[in-house]
Amino acid sequence: MQFHTQGAPRKFIQTPALIVILYEASSGIRQIFTDGRPLPPNNEPQPWFYGYSTGKWDGDTLVVETNNLRDDGWLDIVGTPLTDAAKLTERFRRVSYGRMEIDITVDDPKAYTKPWTVRHNQDIMPNGELIEFICGENQRFAPQ
């Protein structure tokens, strides 16, 4: 999953009913439904690495709830576990032109004894472009 800990850039595309996040790393795509729908029960639909996300605005903060995550996922790039019982709550707030704070609360009773929250401070590059990310199987680079 690695929503916010992957070092590669990502792009947010916002429409009235949907926010799409394109992750440069591994060419990932995440959908956040902002049309007022509730989160579905766990395992409905089929669990995904990025889960099923709904969002709503609370003033200047986007609040996103996510469930339906795969049982064998990771929360970050070092392998912090995340199970299919997890529910994530993210609070995105743009604090200045070039900075965004993201507070993430992890509630996963199969992996942790109680919910916990972490803050990620992210730089924003509004005019940046994503590049193609390809990782070929058995890819090797010749020494130069």
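Among residues of region 15-30 that are closer than 10 Å to Leu130 by Cβ and exposed (fewer than 15 other Cβ atoms within 10 Å of the Cβ), none has a Cβ under 7 angstrom from a residue that is modelled with pLDDT under 90 and among the hydroxyl-bearing types (Ser, Thr, Tyr) at a sequence gap of 6+ or on a separate chain.
Restricting region 42-53 to residues that are surrounded by 10 or more Cβ atoms within 10 Å (Cβ to Cβ) and more than 12 Å from the chain's Cα centre (by Cα) leaves a set whose member that is nearest to Asp72 (Cα to Cα) is Pro47.
Taking region 40-133 and the strands (runs of 3 or more DSSP E) fully enclosed by it, the elements with 2 or more residues that are hydroxyl-bearing (Ser, Thr, Tyr) are at 52-58, 61-67, 87-96.
The values are calculated or read from the model by the stated rules, or taken from the named source; none is laboratory data. Only a predicted model underlies this, so the values are computations on that prediction, with no experimental measurement involved. FYI the Cβ positions are ideal-geometry reconstructions off the backbone, even for glycines, and counts take in every protein chain you see.
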